[in-house]
Amino acid sequence: MHDISEYPSIEADVIVVGAGFAGITAARELKMAGKSVALLEARSRLGGRSLSKPLGDGKVAELGCEFYGQAGTISHRAAQSVGIKTAKVYDTGYRLIDDGGTMRPWKGMAPKVSAATLLDFGQAALRIERMRREVPQDAPWEAPHATRWDSETMWSWTQRNVRTKGGRALMRLMIEAGMAAAPADVSLLHVLNYSNGTGGFRAMTQITGGTLENRFVGGSHNLAMTLAKTVDDETYLNAEVRSITHSGEHVRVRGAGFEAVGRWVVMAVPVPLAGRIEYDPPLPEHRDHVSQRMTMGAAIKYLALYDEPFWRAEGFTGHVISHSSPVRATVDSSPPDGTPGVLTGFVTGPPARQVAKLPAGERRALVLRELERFFGPRAGKPYDLLEQNWMAEPYTRGCYHAYAPPGLYTEYGPALKQPVGRIHWAGAESVPHEFGSMSGAIYSGRRVATEIIGRETGEDPGRPLVTQKTAVPVEEPTR
Ligand SMILES: Cc1cc2nc3c(=O)[nH]c(=O)nc-3n(C[C@H](O)[C@H](O)[C@H](O)COP(=O)(O)OP(=O)(O)OC[C@H]3O[C@@H](n4cnc5c(N)ncnc54)[C@H](O)[C@@H]3O)c2cc1C
């Protein structure tokens, strides 16, 4: 890895902007296919939305992305290809639902809420399951009822289809905890597509059988770093890209004190941030509108560290869901050997926007108070409480991912990944497949490499790239 300050002028076949999972994968695939690449990263570290804090003995607390669902997803296969082990998230015992201030333990399929709420929510969730199956993974805008589903928000659909107060609160919780967005901001079609990527609507917030089921031993940041080893010599840090000139046969990518010239550029930064870069000639209006209208979600991740995961001995999994607390969910994120005890708290959606405005001391007191309410006095006294506010990060500006408001998919969907001249778009938000996830990001990096190789060789750009040396398997995703 290099510091860009020592390399004012770079030349490569492909300039890749952004070294998260998408950019790292694109650079790897292109290098393995024989292209010269330069991977430009604004931060002084790699990995983008993956970030870990070491806890000693190779253990980590994960401040960014962490979980994946079924074995066989793209991120799981990527980890296997570089020898990174995976572990199940602890899910033994009682989960808790915070039902308007009352903590109710539950096991099995459904949380312990009133029969009317359960029936109401269950029927709505079933309807969503049926609708999402009609949404094609590659092109949600081609779903039979795409226009109708993309003309309303998740909130308006809930108002019409969910009758009870409790049922509506649960629907809101699903979107706020599962997507870090407000139901009133998100297109119904987007929710359907997103839940296709998570293996189902209910799976969005579940551990066993859901997207929170598995983790990478050593953390997802370790996975990103391991994948990036292949392009270590091609990576430049502290390289914030500010402008791209893309006329003629070349692209010129510039930042403070450097210029990188190539034949192609891969933009692998979050969609809203891609819109802040200056393009010459300017981007066509459809692409510009995509970056104007996509919004990053709102989430602050808290990690409370204890000598041991004391909640396990008391019969709890550590998993809480709450529609009344700003801490919308907690998960037991302790390392696989259970030491130290780590409780992850997610403050997401509208509460995250409010909590972020509080002074640091008040935020901390609020989160500890809520943990204590969930798990008793010991939970309020961790030996450390880590906080990561992704909305405040200049090179991310929110998480877990961007979301689509009504109209975006049906009006501009294909523009998410359609190249503009020599600019190709990667990133977790550039693919409907496993949208917004580590897997989606890796998938997009491979797709973009395929596109560029296809254009260079004049072959069909849609054909998957298969090289002998490709380390990440290239089959289509399984969910
Ligand atoms: C708290 C949190 C929890 C999450 N949980 C999960 C989870 O459990 N499972 C899951 O699958 N996903 C999860 N996600 C989402 C997942 O992290 C992302 O979808 C994925 O990592 C995105 O990868 P990416 O490469 O597309 O983008 P990023 O990781 O955002 O990478 C983009 C890179 O571009 C760089 N950059 C930005 N602007 C510029 C510029 N102008 N010039 C140069 N470089 C620039 C950034 O610094 C960054 O390194 C979570 C995310 C967060 C933050």
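The values are calculated or read from the model by the stated rules, or taken from the named source; none is laboratory data. The structure presented is a predicted model; accordingly, all values stated were derived computationally and were not measured. Using ideal geometry, Cβ is built from the backbone for each residue, glycine included, and neighbour counts are taken over all protein chains shown. Keep in mind that these areas ignore ligands, DNA and RNA; they rest on the heavy atoms of the full protein, side chains included. Shrake-Rupley method; radii C 1.70, N 1.55, O 1.52, S 1.80 Å.
For the chain, calculate the relative contact order in percent as a whole number, restricting contacts to Cα pairs under 8 Å that are 6 or more residues apart.
It comes to 25 percent, rounded to a whole number.
Counting only protein chains, not ligands or nucleic acids, how are His221, His319 ordered by accessible area (probe 1.4 Å), most first?
Solvent-accessible surface, decreasing: His221, His319.
Rounded, prolate or oblate: pick one for the stretch 1-84, where a ≥ b ≥ c are the square roots of the eigenvalues of its C-alpha gyration tensor, a/c under 1.5 means rounded, and failing that, prolate if a/b is larger than b/c, else oblate.
In terms of gyration-tensor shape, oblate.
Given N residues in the chain, what is its alpha carbon radius of gyration divided by 2.2 N^0.38 Å?
For the chain, the normalised Cα radius of gyration comes out at 0.95.
Can you work out the FRET efficiency for the pair Arg133 and Asp3, with r the C-beta to C-beta distance and R0 = 60 Å, to the nearest 0.05?
0.75
Using a 7 Å offset from the Cα along the Cα-to-Cβ direction at both Thr102 and Leu126, what is the distance between the two label points in nm, to one decimal?
2.6 nm
For the cross-link pairs Lys59/Lys357; Lys107/Lys301; Lys88/Lys381, which exceed 29 Å when the distance is taken from alpha carbon to alpha carbon?
Among Lys59/Lys357; Lys107/Lys301; Lys88/Lys381, the Cα-Cα distance tops 29 Å for Lys59/Lys357.
Any chance you could run the full-extension gain for Arg148 through Tyr395? It's 0.36 nm times the residue separation minus the Cα-Cα distance, nm to one decimal. Spell out each step's value before the answer.
Details: separation 247, 0.36 × 247 = 88.92 nm, distance 3.45 nm.
Difference between extended and current length: 85.5 nm.
Mind checking the per residue accessible area of the chain for me, 1.4 Å probe, whole number of Å²? Write down the numbers at each step before the final one.
Working: 18130 Å² over 479 residues.
Spelled out: the 1.4 Å probe surface of the chain, per residue, equals 38 Å².
Restricting the count to DSSP beta bridges whose residues both fall in the chain, what percent are antiparallel, rounded to a multiple of 5?
65 percent
When the chain is fully extended, how far beyond the present Cα-Cα distance does Glu387 get from Arg369, taking 0.36 nm per residue of separation?
So the chain would gain 5.0 nm between Glu387 and Arg369.
Could you order peptides 63-70, 364-371 by the average number of other Cβ atoms within 10 Å of their residues, highest first?
The packing order, highest mean first, is 63-70, 364-371.
What is the set of long-range amide H partners of Tyr90 at a cut-off below 5 Å, with H atoms built 1.01 Å from backbone N?
none
R0 = 41 Å: FRET efficiency of Gln354 with Thr457, Cβ-based, nearest 0.05? All intermediate terms of the calculation are to be shown ahead of the outcome.
Numbers: r = 52 Å, r/R0 = 1.27.
Efficiency, from the Cβ-Cβ distance: 0.20.
Could you give me the radius of gyration and the Dmax of the stretch 118-198, taking only the C-alpha atoms into account and expressing both in angstrom?
11.8, 35
Go through 177-188, 81-92, 297-308 and give me the packing order, highest mean Cβ count within 10 Å leading.
177-188, 297-308, 81-92
Which cross-chain or sequence-distant (5 or more) residues have an amide H under 5 Å from the amide H of Thr317, H modelled 1.01 Å from N in plane?
For Thr317, whose amide H was placed from the backbone, the distant partners under 5 Å are Tyr94, Arg95.
Once label points are set 7 Å from the Cα along Cα→Cβ at both Gln418 and Thr208, what is their separation, rounded to one decimal in nm?
Taking the two extended label points, one gets 4.7 nm.
On a straight-distance basis, which aspartates and glutamates could pair with Lys165 in a cross-link, Cα separation under 19 angstrom, same-chain partners fewer than 8 positions away excluded?
Straight-distance partners of Lys165: Asp98, Asp99, Asp120, Glu176.
Could you tell me which trypsin sites (Lys or Arg not before Pro) in the stretch 33-76 are loop residues by DSSP with no more than 16 other beta carbons within 10 angstrom of their beta carbon?
Details: sites: Lys35, Arg43, Arg45, Arg49, Lys59; in loops: Lys35, Arg43, Arg45, Arg49.
Here the sparse-neighbourhood loop sites are Arg45.
Based on the alpha-carbon gyration tensor of the stretch 7-152 and its eigenvalue square roots a ≥ b ≥ c, which shape applies: rounded if a/c is under 1.5, prolate if not and a/b is larger than b/c, or oblate?
It comes out oblate by the Cα gyration axes.
For the chain, what does -39500 (n - 2.57) per DSSP helix run (n ≥ 4), summed and divided by total residues, give at 222 nm, in deg cm²/dmol to the nearest 500?
Theoretical 222 nm ellipticity from helices: -9000 deg cm²/dmol.
Leaving out ligands, DNA and RNA, and with a 1.4 Å probe, what % of the accessible surface on the chain is carbon or sulfur?
Carbon and sulfur atoms account for 52 percent of the accessible area of the chain.
Rounded, prolate or oblate: which fits the stretch 163-305 when a ≥ b ≥ c are the square roots of the eigenvalues of the alpha-carbon gyration tensor, with rounded for a/c under 1.5 and prolate only if a/b beats b/c? It would help to have the intermediate numbers written out before the result.
On the way: a/c = 2.77, a/b = 1.59, b/c = 1.75.
In terms of gyration-tensor shape, oblate.
What does the highest-first list of 439-449, 234-244 look like by mean Cβ count within 10 Å? Present the calculation step by step, with values, prior to reporting the outcome.
Values: 439-449: 29.4, 234-244: 20.0.
Listed from highest to lowest mean packing, they are 439-449, 234-244.
Can you compute the FRET efficiency between Arg160 and Lys85 using 1/(1 + (r/R0)^6), with r the Cβ-Cβ distance and R0 = 51 Å? Round to the nearest 0.05. Show your work: numbers first, answer last.
On the way: r = 46 Å, r/R0 = 0.90.
That pair, Arg160 with Lys85, gives E of 0.65.
As a test question: what accessible area, to the nearest 10 Å², does Glu6 have when a 1.4 Å probe is rolled over all protein chains in place?
Number for this one is 130 Å².
Extension gain Gln70-Leu119, at 0.36 nm per residue separation less the Cα-Cα distance, in nm?
Here the answer is 14.9 nm.
Quick one: 3J(HN,Hα) in Hz for the stretch 287-292, Karplus 6.51/-1.76/1.60 with θ = phi - 60°, rounded, Gly and Pro as x.
Karplus-based 3J(HN,Hα) across the stretch 287-292 equals 6, 5, 5, 4, 6, 5 Hz.
For Pro382, what charge total do you get from the other residues with a beta carbon under 11 Å from its beta carbon, if Lys and Arg give +1 and Asp and Glu give -1?
Spelling it out: positives minus negatives among the neighbours equals 0.
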